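No lab work stands behind these numbers, since they all come straight from the coordinates. All of these numbers come straight from a predicted model, not from anything done at the bench. Backbone-built Cβ (ideal geometry, glycine too); neighbour counts: all protein chains shown.
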Amino acid sequence: MKYISTRGGDAQLTFEEAVLTGLAPNGGLYIPEKIPTLPSNWQTIWENYSFVDLSVAVLSLYISEDEISSRDLRALVEKSYSTFRHPDVTPVYKISDKLFILELFHGPTFAFKDVALQLLGNLFEFFLRRRNARKNPGEQPEKLTVVGATSGDTGSAAIYGLRNKANIDIFILHPRGRVSPIQEAQMTTVTDSNVHNIAVKGTFDDCQDIVKSLFADRAFNEKHRLGAVNSINWARILAQTVYYFLAYFHARRSLSFDVELQFVVPTGNFGDILAGYYAKRMGVPMGKLVVATNANDILARFWKSGRYEKQDSGAQPPTDGLPVAPVSGASDGKQAGDGVQETLSPAMDILVSSNFERLLWYLAFESAKGASDEAKRAAAGATIDGWMKEMKADGRVDVPVAALELARRDFLAERVSDAQTLGTIRQYFEGRLSYVADPHTAVGLTAAGLVAGQNSALTVQIVLATAHPAKFSEAVTRALASAADFDFDRDVQPPEFKGLLERPRRVIGVDAPKVDLVKEVIEEHVQKPVAQDVSAGASV
Ligand SMILES: *Cc1c(COP(=O)(O)O)cnc(C)c1O
């Protein structure tokens, strides 16, 4: 399988190149040159597969055997998901015959990004080790320096994915004092010598700007071989396709009647739901996928109008008549006026959705006129290049009706306010099962309710739960403050979080949001490369 850029060009990359490169030089994202088809008898053979078995089966359709052998792939996948606390990795929880919750938060940092980042970390390590094992004695081993900025949600999943990996250093910048206490503790209590937390005096945007400047600095970038683990990395999307298969088989086993599955996905950068789209295109039987957004609703607006447009800078957050104050600690440090609205589901506070470009490519490809797939691929690349240039220049792009109709064939989209989010957390806690949803999951549950009226009698909804409620304790506590019989410690707090705030920390302070100061920190803390031999390479 080869990978191509959504913005065209002749480059065809291997899986390894696509994963190590991340973003294409022409600004595009990598996609497989075609979506593979499933073996004709997959429904019988895969029926009782575990998460790991399914992962190997699905991933090997996208990774050639001569790039990673099935034996190595299985070892990589086993290692990645051995860190999850639940035997099913992503268990399915039944709320009713019409509604299931697919819990994606049983990994090391209690949020769904672990599913992808545990695998990505092991892939990085595997590729580096193999490259280094092929070097001549005395030749300098290759290293990778991963640099990223976080408002709290993603940093810890990246850190846990890369901790203790040979020849990889990870530097994560966060705005000092502007990350929730639990999230700060999750990051800074990882004391492995290759993990470097940098607390910058400044805002999240300052941190992000510093990271951008580092990547743009060619000399620095080449010297340290900078790498990113952001949500556009193809391996992250691929890892996430697996739980759609798992949930499909689970629903089929536990329901005796024929159903139509409807996945509802709390969405920010469009990675999680895009994985569902790949699963659908591969052939997992399902109805439309439901995009659930918070007030940062660029996607919900797209499905209404066919216009993909950044929010107006001056836009007032609509509050459905209820004033909703931002919760302290959930703050991203995002500045008012840059168009991003702070909500109770901060991991979905985005201005544009970085992975949406991949869906746009498929819309352009399918509506392209061309004699061959190759001609249509070339046309789609040119179209996306044009749309993205328009987006950059004008902050908006209008797609043709044919493309919008294709998007509507596979998706519905709903926008959910903070007030609705709080109401839903409370509603599910007061339900028969006293289910405690985190605010992101609650956005999904609300959207599920909003679309349910149009569903057929056979539709069964599966809402993806993207974070553990303890991770967003302020919103959950606020929603349930007046609920009878709610006790955070008893009902929500996992044992792993107890004592977390008191554990030893490892963090480097930077007293001004200046690139040069961060460069100094990296120069000082980056570790020396270590040689890796072939015998070490055999154990993944
Ligand atoms: C990242 C994240 C999301 C959004 O996922 P995307 O793939 O960016 O759409 C939703 N919920 C939580 C808790 C997240 O961390």
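Counting helices only, and only those DSSP H runs with n ≥ 4, report the 222 nm mean residue ellipticity of the chain as the sum of -39,500 (n - 2.57) divided by its residues, in deg cm²/dmol to the nearest 500.
Value at 222 nm, helices only, nearest 500: -12500 deg cm²/dmol.
Once the Cβ-Cβ distance between K201 and T44 is put in as r, and R0 is 41 Å, what FRET efficiency do you end up with, to the nearest 0.05?
0.10
Restricting to Cα pairs below 8 Å that are 6+ residues apart, what does the relative contact order work out to for region 241-485? Please round to a whole percent.
Value for region 241-485: 27 percent.
Place the peptides 187-193, 485-491, 356-362 in order of packing, highest mean first, counting for every residue the other Cβ atoms within 10 Å and averaging per peptide.
Packing order, densest peptide first, comes out as 356-362, 187-193, 485-491.
Using the Kyte-Doolittle scale, find the helices of the chain whose mean hydropathy is at least -0.5 and whose Cα atoms extend 24 Å or more along the helix's long axis, counting only whole DSSP H runs.
113-133, 234-254
Give me the net charge of V259's neighbourhood, meaning all other residues with Cβ under 10 Å from the Cβ of V259; Lys, Arg count +1, Asp, Glu -1.
So the environment of V259 carries a net charge of -1.
Rounded to the nearest 0.05, what FRET efficiency do A375 and E524 have when you use their Cβ-Cβ distance and R0 = 51 Å?
E between A375 and E524, to the nearest 0.05, is 0.45.
Along the Cα→Cβ direction, 7 angstrom out, place labels at S434 and L500. What is the inter-label distance in nm?
2.2 nm
Using only the Cα atoms of region 127-175, build the gyration tensor, take square roots of its eigenvalues as a ≥ b ≥ c, and label the shape rounded, prolate or oblate: rounded if a/c is under 1.5, else prolate if a/b is larger than b/c, else oblate.
Prolate, because a/c is 1.5 or more and a/b exceeds b/c.
Strictly over 28 Å apart at the Cα level, which of K369/K392; K113/K376; K79/K376; K113/K369; K2/K113 would you flag in this model?
Long pairs (Cα-Cα over 28 Å): K113/K376; K79/K376; K113/K369.
Calculate the FRET efficiency for I35 and A402 from the Cβ-Cβ distance with a Förster distance of 22 Å, rounded to the nearest 0.05.
It comes to 0.65.
For region 436-534, what class follows from the C-alpha gyration tensor (a ≥ b ≥ c being the square roots of its eigenvalues): rounded when a/c is under 1.5, otherwise prolate if a/b is larger than b/c, else oblate?
prolate
May I ask you to compute the full-extension gain from K94 to N230, defined as 0.36 nm times their residue separation minus their alpha-carbon distance, rounded to one decimal in nm?
So the chain would gain 45.8 nm between K94 and N230.
Would you tally the net charge around D385, using a Cβ to Cβ cut-off of less than 13 Å, leaving D385 out, and scoring K and R as +1, D and E as -1?
Result for the neighbourhood of D385: +2.
Which pairs, out of K94/K280; K223/K528; K223/K519, put more than 18 Å between their alpha-carbon atoms?
K94/K280
Which of the three applies to the chain, rounded, prolate or oblate, going by the alpha-carbon gyration tensor with a ≥ b ≥ c and a/c under 1.5 meaning rounded?
It is rounded, given that a/c, with a ≥ b ≥ c, falls under 1.5.
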